[in-house]
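Laboratory data are not the source of any read-out in this text; all were calculated from the coordinates shown. Predicted model, so just to flag it, every value in this text is computed and none were measured. As a convention, Cβ positions derive from the backbone with ideal geometry for all residues, glycine included, and neighbour counts pool all protein chains shown.
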Amino acid sequence: MTFSSSLGNDLRPLVLDTSVLINLHACSYGDRVLTAIANDIVVPDVVAGELGHETSRRNGDDSFLQSLIDRGKVNIVSMTDAEYELFADLSSGSQSLDDGEAATIAIAASRSFRAVIDERKGRTRAATLMRGEEPSWTLDLLTQQSVVQILGELQAADAVYLALRHGRMRIPAECGDDIVRLIGRDRALECPCLPNFKNLSQEIGVSGPSQTQAKIHQGEG
């Protein structure tokens, strides 16, 4: 695996947004991923509340987070009064963010923690507040060197694929081709959230069916 995680040797606590937790649950290795990362992991109580909604309870996202809390791998934190003021500013107005993103940014910016956010608008607002420092991505967690060492390269690649396939994980646009090489073309075609999915689909249409598709058609014949 040739990716370079933006976390590097940064050992500041990580503040996880709602979509990041959903991706970690979807990848099937989330518990091991967070265990392999040396940073303290914090989750705003607002984010935990978002995972308490019916859909997240049905999908198992809520119980995934609760198991992390019970084992001491994640700490739930509340906002201070000053952080709540920033949260209110971020979650209102024409450029408002959703509550989970706003809480994640408010806590990270106020405490000099590192935010982990995948959504473009939230990342832009966070960078503005944190003197140009961009948040990390879920992909940075999955490709952190310590994580790859614990999972092994094959399972680490599986984790990326599953987060894309089931969590609809967002990744940096410039990583699209590398991700296709990592998880394989056939599996990439199952991940419409990829930034280069449209081009990849068009290439398949021009060049003919993939090996998997060809096998399916042969079986049907």
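Below is a table of values for the structure above.
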| item | result |
| --- | --- |
| Any hit, the stretch 38-50, residues being among the charged types (D, E, K, R) and farther than 26 Å from residue 164 by Cα | no |
| Helices (runs of 4 or more DSSP H) enclosed by the stretch 21-75 - at least 2 residues per element that are farther than 21 Å from residue 10 by Cβ and either out of contact with any strand residue (DSSP E or B) (no Cβ under 8 Å at 6 or more places or on another chain) or not aliphatic (A, V, I, L, M) (or both) | 45-50, 54-59, 61-70 |
| Helices (runs of 4 or more DSSP H) completely within the stretch 90-172 that count 2 or more residues being β-branched (Val, Ile, Thr), surrounded by fewer than 23 Cβ atoms within 10 Å (Cβ to Cβ) and without any contact (Cβ under 8 Å) to a residue 60 or more places away in the chain | 120-129 |
| Residues within the stretch 186-208 that are under 26 Å from residue 120 (Cβ atoms) and part of a helix (DSSP H, G or I), tallied | 9 |
| Subset of the stretch 33-60 (residues that are among the charged types (D, E, K, R) and over 19 Å from residue 102 (Cβ atoms)) | 40, 54, 57, 58 |
